[in-house]
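**Student:** Pasting in a structure now, in structure tokens, and then I'll have a few things to ask.
The values are calculated or read from the model by the stated rules, or taken from the named source; none is laboratory data. These numbers were taken from a predicted model, which means no experiment stands behind them. In this analysis, Cβ positions are derived from the backbone assuming ideal geometry, glycine residues included, and neighbour counts consider all displayed protein chains. Keep in mind that these areas ignore ligands, DNA and RNA; they rest on the heavy atoms of the full protein, side chains included. Shrake-Rupley method; radii C 1.70, N 1.55, O 1.52, S 1.80 Å.
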Amino acid sequence: MALIGIVFFALMLLGAPIAFAIGISGFTFFLTSDIMPVSIGVQKIATVSQSFPLLAVPFFVLAGHLMNESGITDRLFTFSKVAVGWMAGGLAQVSIILSTLMGGVSGSAVADAAMEARVLGPQMISNGYSKGYSSAVIAISSLITSTIPPSIGLILYGYVGQVSIGRLFMAGIIPGILMMTFLMVAAWLVARKRGYVMKEMRKPTARELGSAAWGAKWALLFPVLLIGSIRGGLFTPSEVGAFAVVYAILIGVFAHRVMSFEAIRRAFGHAISDIGLIMLIILMSGMVGFAIIFLQVPQSVAGFMLESLANPVLIVAVILIGLFIAGLFFESTILVLLLTPILVPVVVKAGVDPVHFGILMMTIVTFGSMTPPVGVAMFTVCSLLDTKVEEYVKESLPFIAAVFALICLLLFVPGIVLFLPNLMYGG
């Protein structure tokens, strides 16, 4: 196992593409094994691709791109602006609300951050918000997509860790709403101190709010249909992804009447690129996953941690600290695929619900996308808004504090995470 890690890190330092770094390091295990033929490595790549639950990933990625072309994003923006634009830091609050609503559409933090940077970023800066504050709000609020269904990360965690994706989707709703609340409070405190207020905005009447909600009804209805169809047994998570694709096309073509053939072609083009990248990483990780299980790494790690630490909360806390450090350097998809097979048996043996741990894990590893040194969402937003990384880091501190406060709350009060899945599925 040590050799796999050395090869992986060496290839990453040399600048090799992530998928190839994972694949070559995994193949190294079979090349150096005395008892495992090389052909098994090839078989493991093929085996990973033969998974019905994994179909949820390409379907939801495609659905997210189609919904961006269907006019749903514009209507969600209008609703968010009417609902919270009047508050201190109005456009920052719009960004956070929009991330919450878009989390149920795109399922991708980086996609959400990029979209908001293009739509909201210039408006925030032209209204007197500093570039650092604008970038920090947009990037860190995209973290909400890590738990709000249909989170791509939760689908991968459930697939690799053999955890119910339906329960994970249910478990992510309350933490996602709480994260929205914590970030809105942080944005409000900073904005109030600096006088970031949109003077032309006023508190909406019930009629105005209702009208904006009605305009965004198809977008607001989608997460409800998604959760309801899974819980009601109408669709599996994979099948509901296919439903999301059809739903996006029907809404764009017939309800909003803005989706042309060219828009559909453009959405498919973007989706194919994203799906190819994600699936190649997943396929290559099949060899590493097999090596981890064959070498009994989960049992060794569990034995070590359970001997050293007795308190389950302390065990999870130590793991989360390690994941946070790892998330500073590696993309969340990689960490989920490589570490979930190791960590899920550890937390289960310690008496921790894997659904509870999954929400914590996805939040902490996705958070690395918003922080230096290699945060993808951070660099995406900073480049689009021409923001210096140093300014971004300084302005992001209140939001980072809010995220850590929420993680601590979820860690020590697991009932917050498990309430809905236990209510809907029993437990």
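**Student:** Quick check on the stretch 21-39: of everything there that is open to solvent by 30 Å² or more (accessible area, probe 1.4 Å) and among the β-branched types (Val, Ile, Thr), which residue is farthest from residue 285 (Cα to Cα)?
**Tutor:** 35
**Student:** Out of all the residues in the stretch 131-151, is one or more among the β-branched types (Val, Ile, Thr) and open to solvent by 10 Å² or more (accessible area, probe 1.4 Å)?
**Tutor:** Among the residues of the stretch 131-151, at least one is among the β-branched types (Val, Ile, Thr) and open to solvent by 10 Å² or more (accessible area, probe 1.4 Å), which makes the answer yes.
**Student:** What are the pairs, 6+ residues apart or on separate chains, where a residue within the stretch 151-178 that is over 16 Å from residue 336 (Cα atoms) has its Cβ under 7 Å from a residue that is charged (D, E, K, R)?
**Tutor:** Taking only residues 6 or more apart or on different chains, the pairs are 166/231.
**Student:** Please determine whether any residue of the stretch 310-319 is modelled with pLDDT under 85 and farther than 24 Å from residue 31 by Cβ.
**Tutor:** Checking the stretch 310-319: at least one residue is modelled with pLDDT under 85 and farther than 24 Å from residue 31 by Cβ.
**Student:** Also: Only residues that are more than 18 Å from residue 175 (Cα to Cα) and either free of Cβ contacts under 8 Å to residues at least 24 places away in the same chain or open to solvent by 10 Å² or more (accessible area, probe 1.4 Å) (or both): list them for the stretch 345-368, please.
**Tutor:** If the condition is that a residue be more than 18 Å from residue 175 (Cα to Cα) and either free of Cβ contacts under 8 Å to residues at least 24 places away in the same chain or open to solvent by 10 Å² or more (accessible area, probe 1.4 Å) (or both), then 345, 348, 349, 350, 351 are the ones that fit.
**Student:** Of all residues in the stretch 51-70, count the ones that are in a loop (DSSP other than H, G, I, E, B) and at pLDDT 80 or above.
**Tutor:** Counting residues in the stretch 51-70 that are in a loop (DSSP other than H, G, I, E, B) and at pLDDT 80 or above gives 1.
**Student:** Tell me yes or no: at least one residue of the stretch 196-218 is of a type outside the set (S, T, N, Q), open to solvent by 40 Å² or more (accessible area, probe 1.4 Å), under 26 Å from residue 415 (Cα atoms) and at pLDDT 90 or above.
**Tutor:** Scanning the stretch 196-218, I find no residue that is of a type outside the set (S, T, N, Q), open to solvent by 40 Å² or more (accessible area, probe 1.4 Å), under 26 Å from residue 415 (Cα atoms) and at pLDDT 90 or above, so the answer is no.
**Student:** Another question, if that's okay. Starting from the stretch 62-76, take each residue that is farther than 10 Å from residue 263 by Cα and polar (S, T, N, Q) and list its partners that are outside any helix (DSSP H, G or I) and open to solvent by less than 40 Å² (accessible area, probe 1.4 Å), counting only C-beta distances under 8 angstrom and pairs at least six apart or across chains.
**Tutor:** Between residues of the stretch 62-76 that are farther than 10 Å from residue 263 by Cα and polar (S, T, N, Q) and residues that are outside any helix (DSSP H, G or I) and open to solvent by less than 40 Å² (accessible area, probe 1.4 Å), the close pairs are 73/105.
**Student:** Looking only at the stretch 328-347, which residues are over 15 Å from residue 289 (Cα atoms) and in contact with a helix residue (DSSP H, G or I) (Cβ under 6 Å, 6 or more places away or on another chain)?
**Tutor:** So in the stretch 328-347, the residues over 15 Å from residue 289 (Cα atoms) come out as 328-332, 346-347.
Matches in the stretch 328-347: 328, 332, 346, 347.
**Student:** Right, another one. So, in the stretch 369-409, of the ones that are open to solvent by 60 Å² or more (accessible area, probe 1.4 Å) and not in a helix (DSSP H, G or I), which residue ends up farthest from residue 339 (Cα to Cα)?
**Tutor:** 386
**Student:** When residues of the stretch 71-90 are filtered for being assigned to a helix (DSSP H, G or I) and open to solvent by less than 10 Å² (accessible area, probe 1.4 Å), how many remain?
**Tutor:** Residues flagged as assigned to a helix (DSSP H, G or I) and open to solvent by less than 10 Å² (accessible area, probe 1.4 Å) within the stretch 71-90 amount to 4.
**Student:** Continuing with the same structure: Take the residues in the stretch 410-421 that are open to solvent by 50 Å² or more (accessible area, probe 1.4 Å) and assigned to a helix (DSSP H, G or I), then tell me which one is nearest to residue 318 (Cα to Cα).
**Tutor:** Looking at residues that are open to solvent by 50 Å² or more (accessible area, probe 1.4 Å) and assigned to a helix (DSSP H, G or I), I get 412.
**Student:** Also: Pairs needed: first member in the stretch 249-269, open to solvent by 40 Å² or more (accessible area, probe 1.4 Å); second member anywhere, acidic (Asp, Glu); C-beta distance under 7 Å; at least 6 residues apart or different chains.
**Tutor:** Listed pairs, sorted by first residue: 266/69.
**Student:** Quick check on residue 350: is it under 30 Å from residue 125 (Cβ atoms) and small (Gly, Ala, Ser)?
**Tutor:** No.
**Student:** Mind listing whichever residues of the stretch 296-336 are over 25 Å from the mean Cα position of the chain (by Cα) and of a type in the set (A, V, I, L, M)?
**Tutor:** Residues satisfying the conditions are 297, 301, 302, 305, 306, 309, 310.
**Student:** Does residue 48 satisfy the condition of being under 24 Å from residue 158 (Cα atoms), assigned to a helix (DSSP H, G or I) and at pLDDT below 80?
**Tutor:** Yes: the conditions hold for residue 48.
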